[in-house]
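Throughout, read-outs are computed from the coordinates displayed, never taken from laboratory work. Treat the numbers as computed from the prediction; the structure is a model and nothing was measured. So basically every Cβ, Gly included, is an ideal-geometry build from the backbone, and we count neighbours across all protein chains shown.
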Amino acid sequence: MSDERISRRTMVLGGGVAAALGATALGLTLPRLLAHRYAPTPYDDLLQQLTDRDVAIQVGRAVRARLTKFDDKKVARELRQRFERRNLAEVLDADSAEGRLAEAGGWVLPRSLTDLCALAAG
């Protein structure tokens, strides 16, 4: 008859691995489940570039407050052209290098960022 008892070390190690796997699974899914949900917009393809949409909305309100007119569709079309084959960092670097800057709430920011924020606030 073989000894089929599980050693304490194996038991603790197995429990630790199970706990780590559970924590990892929870850590990967919980943020997605608890994340703030936004109403769908025609500009979600652009707004997904933003890491903190709530802050972007605040900046966007400051941008829109300074403007008499903001054409969402025109701005979105221009942004889509700028983002073609480039990510947010590349677009913002290009804006800065080319002097495309705008003021929002006392901050001077790349124009593409202020446009994205204004779309988020719309």
Using a 10 Å cut-off around each Cβ, can you sort 96, 112 from fewest to most neighbouring Cβ atoms?
96, 112
Once amide H atoms are built 1.01 Å from N in the peptide plane, which residues 5 or more positions from residue 101, or in another chain, come under 5 Å H to H?
111
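Could you please report the charge total around residue 93, scoring K, R as +1 and D, E as -1 over all other residues with beta-carbon less than 15 angstrom from its beta-carbon?
Summing Lys and Arg as +1 and Asp and Glu as -1 gives +2.
Based on other C-beta atoms within 10 Å, arrange 69, 74 from fewest to most.
The fewest-first ordering by Cβ neighbours comes to 69, 74.
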